Amino acid sequence: MAEETPQYTRYRAGRHLLPERDAMATRLAARQRGVRLPYGGEPAWRRWLKPKRLLLALVGFVAFWLLLSLVLFLISSHFERTAPPSDVSSVLAPAGFPLTSPNNILVLGSDRRQKNSKEPGANTSGPSRSDVIMLIRTGGGHAARLSIPRDTVVEIPGHGLQKINAAYAFGGPALSISVIEHYLGIPINHIVEVNFENFPALIDAMGGVDYTGTCVISNLDGGSANGGYTLRLPTGTHHLDGREALALARTRENLCDPRQTDIDRVKRQQRLFESMKSRMLSFSSFIRLPWIAWNAPPAIISDMSGTTLLGLFGALATTATPPTRVLLPSGTTTLPDGEEGLTVSEAEKRAAVARFMAG
């Protein structure tokens, strides 16, 4: 009797039944393509790129970027910041930390020409008048600004009735503080002077600022023909670099509209300040933060230390933008030297101070 051939049923195993064989085939194929795989068959970079790890990496980068910017700011504040004259500290009122306590900051900018100015008769080193006079109230949830026109007439000790910007020429920032405190009846806790030599570098570090306004044409330091700068801004929105922003802040005589007064000028300065704040809160400024941190201290002259300045900037960044307010004149008067100045009524002064302190 012939031997019968055994009958077998063949089955094909699925991939999930042979995981080791499957993984071996995957690694073999990857090796042939030049890709090295860890045990398990998944590329190392794909195993690392998990959502949780990506989030941790992002948080770590942000923390590092902020810490780097903080260190650069403190180093720059220590070595690059210019302190005001020693007599300033004696006229400033004490205050708490700007981030948590209300502080009144006097911001000044002088009309002194830059050292490389070729304008005939330009003042590059001697006494100068304050070109920018602005009070800022910030900290502890407060947010207020008040600009004082430079032609406002006040009583300056030893000099009689004068325009308020002359106080800086007679006695520097210390006399300016004393005169403004007495005139408005409010304490001034800190002073910030704009260093026009380094201010353009700060704006450039920020990547410039956007400014919207009416037509402005002005010749700064004698205009381009005399080694200065000529600014031309048609009506609309413009992206300004550091030199243009400085020229806009200092523009007094607007050739585009000669009828404009010092009131229009201080409003332009406040709009420029708002543009700088808006730029600082943008994502692009976060990318540029280390450069901004390094260039900010040299752009100012202040009694505040690096940590106090950080508190000030933090307070400005975390509070709402206050409305633009100007100490409005009620009339004009002729001074002994024949110049015409602006007078402010006591009622307007009291109302402006009340709004400022409540802001």
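Here, each number is a calculation from the coordinates, and none is a lab measurement. None of these values were measured; they are calculated from a predicted model. As a convention, Cβ positions derive from the backbone with ideal geometry for all residues, glycine included, and neighbour counts pool all protein chains shown.
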Exercise. Which ³J(HN,Hα) values, rounded to whole Hz and listed in residue order, are derived for region 85-91 from phi using the Karplus coefficients 6.51, -1.76 and 1.60 in 6.51 cos²θ - 1.76 cosθ + 1.60 with θ = phi - 60°, glycine and proline given as x?
Worked result: x, 5, 6, 5, 4, 6, 10
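Evaluate the charge dipole of region 247-359 about its Cα centre and quote only its size in Debye, nearest 20, assuming +1 on the Cβ of each Lys and Arg and -1 on the Cβ of each Asp and Glu.
Numbers: 14 positive and 11 negative charges, 116 e Å.
That gives region 247-359 a dipole magnitude of about 560 debye.
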Exercise. Amide H of C256: which non-local residues (sequence gap of 5 or more, or other chain) have their own amide H closer than 5 Å, using H built in the peptide plane?
Worked result: I217
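Any idea what the relative contact order of region 212-356 is, in percent, if you count C-alpha pairs under 8 Å spaced at least 6 apart?
15
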For this session: Find, among the trypsin sites (Lys or Arg not before Pro) in region 201-291, those assigned to loop by DSSP (not H, G, I, E, B) with at most 10 other beta-carbon atoms within 10 angstrom.
Result: R259
